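J.: Before I ask anything, let me first share the structure, which is written out below as structure tokens.
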Amino acid sequence: MAVRLDHPVCRVLRERRARGDRSDGYKVGLAVQGGGMRGVLSGAMLTALEDLGFGAVFDGVYGASSGALNGAYFLAGGSWRNLAAYYDDLVSAEFLSVRRWRTGMMSLDYALGEVLCRRKPLDFAAVLGSATPLHVAITRLDPPATELRHGFGDAAELVAALRASSWLPVVSRGVADCSGPAIDGAMLTIHPYRLAVGDGCTHVLSLSSRRPGPVPGPYSPVELAVTAALAALDRRLVRPRCRAVREYRRDRAMVAAAGAGPPYVLDVLPPQGVASFERRPGALLAAARQAYEQAYRVLSGYRGEGFATVPRFVPVGEVADAEAAEGRSGGAAREAS
């Protein structure tokens, strides 16, 4: 994926990083695509952003499902540690198991209670106090519409939005409660750049979790399963979903025309994809490494050979807490060879 560094989005990001401020009159959004375990790809791209020093150049972070979770972790910092949740924790049957098909195969209690709060704890204070707001997309049922939640008053409000945004009807029963019934935020708005543009962004860096190639249509087996699950909740969701799928196919073609705005959108695509419910740690880590490299090359302009990405060993738990208390958080990080 060759992108010129004079692309309008690249140029604004680099200028903001060099100046150390965002006072240029633009509104720059970071749109993060999720999609279950595909979120490991956009999560890896976020670690590249952090490593390149682009952590504080955005006016808003937008996402749904695992994309919103990734966005929250990005604003809190320490992305390498948090990325490991995909290949360390979410591969567990505690998170996803076909044996629970009657009650819901996916356990958000495990993902948001055990992982988000204990195993890879999110720094809620950092997210809530961030100068860059997090916008979490959810889908309302009555009437069917995508809604952005932001300006969270406390951790409970943020978790409620993340839960609703990740509530995928195919593997979850019923609906989530987020100041009213809600489900997965990507049901009616699939490409996340639309969330940012809809909020007035002039420039958008979009991190996609779907690799280049054909996009399934509304009558593909996967989409038929999704629309069946939506119909079981409320038949009014079916037509907007089919429209969203067709819209997404057009969006992919539009954002591929780099710099054709305004608004200007730069969409980074992973070279290797993973399935939404992939549970092989090796496959997840291999794809994450390639996604990191792709984002790094696009945003740094590096075109040479001899480039490889290796993950880090980062302490989590009591050791990490002790380091943070001493002001040395992340000090024990080591690159894995």
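J.: Looking at the range 150-179, which of its residues are in a helix (DSSP H, G or I) and either surrounded by 20 or more Cβ atoms within 10 Å (Cβ to Cβ) or acidic (Asp, Glu) (or both)?
T.: Passing the criteria: GLU157, LEU158, VAL159, ALA160, ALA161, LEU162, ARG163, ALA164, SER165.
J.: How many residues are within 26 Å of ALA31 (Cβ to Cβ), touching a residue at least 24 places away in the same chain (Cβ under 8 Å) and of a type outside the set (A, V, I, L, M) if we restrict to the range 214-242?
T.: Adding up the residues that qualify gives 6.
J.: If you go through the range 34-82, how many residues are small (Gly, Ala, Ser), in a loop (DSSP other than H, G, I, E, B) and at pLDDT 95 or above?
T.: 6
J.: Under the condition of being at pLDDT 95 or above and among the charged types (D, E, K, R), which residue from the range 190-222 is farthest from the chain's Cα centre (by Cα)?
T.: Selected residue: ASP199.
J.: On to the next question. Restricting attention to the range 239-246, does a residue exist that is in a helix (DSSP H, G or I), over 21 Å from the mean Cα position of the chain (by Cα), within 30 Å of HIS7 (Cα to Cα) and not small (Gly, Ala, Ser)?
T.: Scanning the range 239-246, I find at least one residue that is in a helix (DSSP H, G or I), over 21 Å from the mean Cα position of the chain (by Cα), within 30 Å of HIS7 (Cα to Cα) and not small (Gly, Ala, Ser), so the answer is yes.
To keep it simple, each residue is scored yes or no on (1) over 20 Å from GLY67 (Cβ atoms); (2) surrounded by fewer than 17 Cβ atoms within 10 Å (Cβ to Cβ).
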| position | (1), (2) |
| --- | --- |
| SER209 | no, no |
| ALA228 | yes, yes |
| ALA275 | no, yes |
| ARG289 | no, yes |
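J.: Please enumerate the residues belonging to the range 44-66 that are in contact with a helix residue (DSSP H, G or I) (Cβ under 6 Å, 6 or more places away or on another chain), crowded, with 24+ Cβ neighbours inside 10 Å and not hydroxyl-bearing (Ser, Thr, Tyr).
T.: Correct list: ALA44, MET45, LEU46, VAL61, GLY63, ALA64.
J.: Being of a type outside the set (Lys, Arg) and farther than 11 Å from ALA48 by Cα is the filter here, so list the residues in the range 291-304 that pass it.
T.: GLY301, TYR302, GLY304
J.: Something else now. Is there a residue in the range 42-59 that is charged (D, E, K, R) and free of Cβ contacts under 8 Å to residues at least 40 places away in the same chain?
T.: Among the residues of the range 42-59, at least one is charged (D, E, K, R) and free of Cβ contacts under 8 Å to residues at least 40 places away in the same chain, which makes the answer yes.
The values are calculated or read from the model by the stated rules, or taken from the named source; none is laboratory data. Bear in mind that the values here come from a model prediction, so they are computed numbers and not experimental data. Reconstructed Cβ throughout: ideal geometry from the backbone, glycine too, with neighbour counts over all protein chains shown.
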